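*Asks:* Once you've had a glance at the structure underneath, I'll fire off some questions.
The values are calculated or read from the model by the stated rules, or taken from the named source; none is laboratory data. Quick caveat: nothing in here was measured; it's all calculated off a predicted structure. Cβ placement follows ideal geometry from the backbone for every residue including glycine, while neighbour counts extend to all protein chains displayed. Areas reflect the complete protein model, heavy atoms only, side chains present, ligands, DNA and RNA absent. Shrake-Rupley method; radii C 1.70, N 1.55, O 1.52, S 1.80 Å.
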Amino acid sequence: EDKVVQSPLSLVVHEGDTVTLNCSYEVTNFRSLLWYKQEKKAPTFLFMLTSSGIEKKSGRLSSILDKKELFSILNITATQTGDSAVYLCAVVSTSGTYKYIFGTGTRLKVLA
Amino acid sequence: ETGVTQSPTHLIKTRGQQVTLRCSSQSGHNTVSWYQQALGQGPQFIFQYYREEENGRGNFPPRFSGLQFPNYSSELNVNALELDDSALYLCASSFAANYGYTFGSGTRLTVV
């Protein structure tokens, strides 16, 4: 059965800290891996990763994919209170139909 | 601001009732997927519609059904509501069946 596992489930840090969020997967017909930030309702897109070893970067956020070991990490440096959210990892599978398989998310709380 | 709009934003229903949730896709998007997100969980794929035809379904019973209209707006219908159907229902649209999705803000359904 396809699965996506995120760790840790929750994390509390102070402003300025650096955090690393993990996502491992076992999915048939892997197409890509995406990271989303969910603050209230709509998940907002952060990164799409399709190739191993190529870091994607946006400001203080960066992410990389390892297709051999089947995992991805999302790094946030110099965290701010506005980074507090649930971070979702989703793997795109084309098995049967094109669909997203989500992990349960990592709840990040950044304290001032 | 997301281009996918969902209505209503909140809904309370009684067990056994039926409910219809609505989604207006982002302009130019012909594919829509629906996801169920229970509290503390990641979104789970319900089904996908492409050009008014269902072209993929997750592990949900037949009482979950959908429609996509010629203008590519969509409905999710749930019959015989159960307490476990309480969740955030997310609609996501794309301009093609195998491209990245834009999520709406969701409808929070509470079944009592």
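*Asks:* Between A:Leu65 and residues 5 or more places away or on another chain, which pairs have amide H atoms under 5 Å apart, with H built 1.01 Å from N, and which residues are they?
*Replies:* Close amide H contacts, sequence-distant or interchain: A:Gly53, A:Ile54.
*Asks:* While we're on this one: Skip the ligands, DNA and RNA, and give the accessible area per residue of the protein assembly as shown with a 1.4 Å probe, whole Å². Walk me through the numbers before you get to the answer.
*Replies:* On the way: 10680 Å² over 224 residues.
Per residue, the protein assembly as shown has 48 Å² of solvent-accessible surface.
*Asks:* Relative to 2.2 N^0.38 Å, what does the C-alpha radius of gyration of the protein assembly as shown come to as a ratio? Two decimals please. Mind showing how you got there, number by number?
*Replies:* On the way: Rg = 17.4 Å, N = 224, 2.2 N^0.38 = 17.2 Å.
Against the empirical 2.2 N^0.38 Å value, I get 1.01 for the protein assembly as shown.
*Asks:* Go through A:Lys3/A:Lys57; A:Lys3/A:Lys67; A:Lys3/A:Lys40; A:Lys40/A:Lys109 and tell me which ones have a Cα-Cα distance over 19 Å in this structure.
*Replies:* Values: A:Lys3/A:Lys57 26 Å; A:Lys3/A:Lys67 15 Å; A:Lys3/A:Lys40 24 Å; A:Lys40/A:Lys109 14 Å.
Over 19 Å Cα-Cα: A:Lys3/A:Lys57; A:Lys3/A:Lys40.
*Asks:* So what's the projected area for chain A, the Cα convex hull averaged over all directions, in nm²?
*Replies:* Numbers: hull surface 26.7 nm².
Over all viewing directions, chain A projects a mean Cα-hull area of 6.7 nm².
*Asks:* Still on this structure: Using a cut-off of 12 Å between beta-carbons, work out the net charge of the residues near A:Ala85 (Lys and Arg +1, Asp and Glu -1, A:Ala85 not included).
*Replies:* Its environment carries a net charge of +3.
*Asks:* Further question on the same structure: Roughly how large is the B-A contact in terms of buried accessible area, totalled over both chains, probe 1.4 Å, nearest 100 Å²? Before the final figure, lay out the partial values.
*Replies:* Values: alone 6010 and 6220 Å², together 10680 Å².
What B and A bury together is about 1500 Å².
*Asks:* Just flag the trypsin sites (Lys or Arg not before Pro) in region B:1-66 sitting in loop per DSSP whose Cβ has no more than 13 other Cβ atoms within 10 Å.
*Replies:* Details: sites: B:Lys13, B:Arg15, B:Arg22, B:Arg51, B:Arg57, B:Arg63; in loops: B:Arg15, B:Arg51, B:Arg63.
Listed in order of number, the matching sites are B:Arg15, B:Arg51, B:Arg63.
*Asks:* Where Lys and Arg each count +1 and Asp and Glu each count -1, what net charge lies around B:His10 among other residues with Cβ under 12 Å from its Cβ?
*Replies:* Net of charged neighbours comes to +3.
*Asks:* Next question, about the same structure. Restricting attention to region A:46-112, which trypsin sites (Lys or Arg not before Pro) occupy a DSSP loop and are surrounded by at most 16 other Cβ atoms within 10 Å?
*Replies:* Values: sites: A:Lys56, A:Lys57, A:Arg60, A:Lys67, A:Lys68, A:Lys99, A:Arg107, A:Lys109; in loops: A:Arg60, A:Lys67, A:Lys68.
Answer by residue number: A:Arg60, A:Lys67, A:Lys68.
*Asks:* Are there residues in region A:77-112 whose accessible area shrinks by at least 30 Å² when all protein chains are included rather than the chain by itself, and which are they (probe 1.4 Å, ligands and nucleic acids not counted)?
*Replies:* Checking the loss per residue gives A:Thr97, A:Tyr98, A:Lys99, A:Tyr100, A:Phe102, A:Thr104.
*Asks:* Output wanted: per-residue J couplings in Hz (rounded whole) for region B:54-70, from phi through Karplus 6.51 cos²θ - 1.76 cosθ + 1.60, θ = phi - 60°, x for Gly and Pro.
*Replies:* Values per residue, Gly and Pro as x: 6, 10, x, 8, x, 8, 10, x, x, 5, 8, 9, x, 8, 10, 9, x Hz.
*Asks:* Sorted from largest to smallest, which semi-axis lengths in Å does the alpha carbon gyration tensor of chain B give for its equivalent ellipsoid, taking the root of 5 times each eigenvalue? Before the final figure, lay out the partial values.
*Replies:* Numbers: eigenvalues 97, 40, 32 Å².
They are 22, 14, 13 Å, listed from largest to smallest.
*Asks:* Given springs between every Cα pair under 10 Å in a Gaussian network model of chain A, which of A:Gly16, A:Gly82, A:Gly59 has the largest fluctuation?
*Replies:* Judging by the Gaussian network model, the answer is A:Gly59.
*Asks:* Using Cα springs under 10 Å in a Gaussian network model of chain B, which residue among B:Gln44, B:Gln36, B:Gln17 shows the largest mean-square fluctuation?
*Replies:* So, out of B:Gln44, B:Gln36, B:Gln17, the one fluctuating most is B:Gln17.
*Asks:* Another question, if that's okay. What is the local net charge at B:Ser73, summed over the other residues whose Cβ is closer than 11 Å to its Cβ (Lys, Arg +1; Asp, Glu -1)? Mind dumping the intermediate values first?
*Replies:* Values: positive: B:Arg22; negative: B:Glu52, B:Glu75.
Local net charge: -1.
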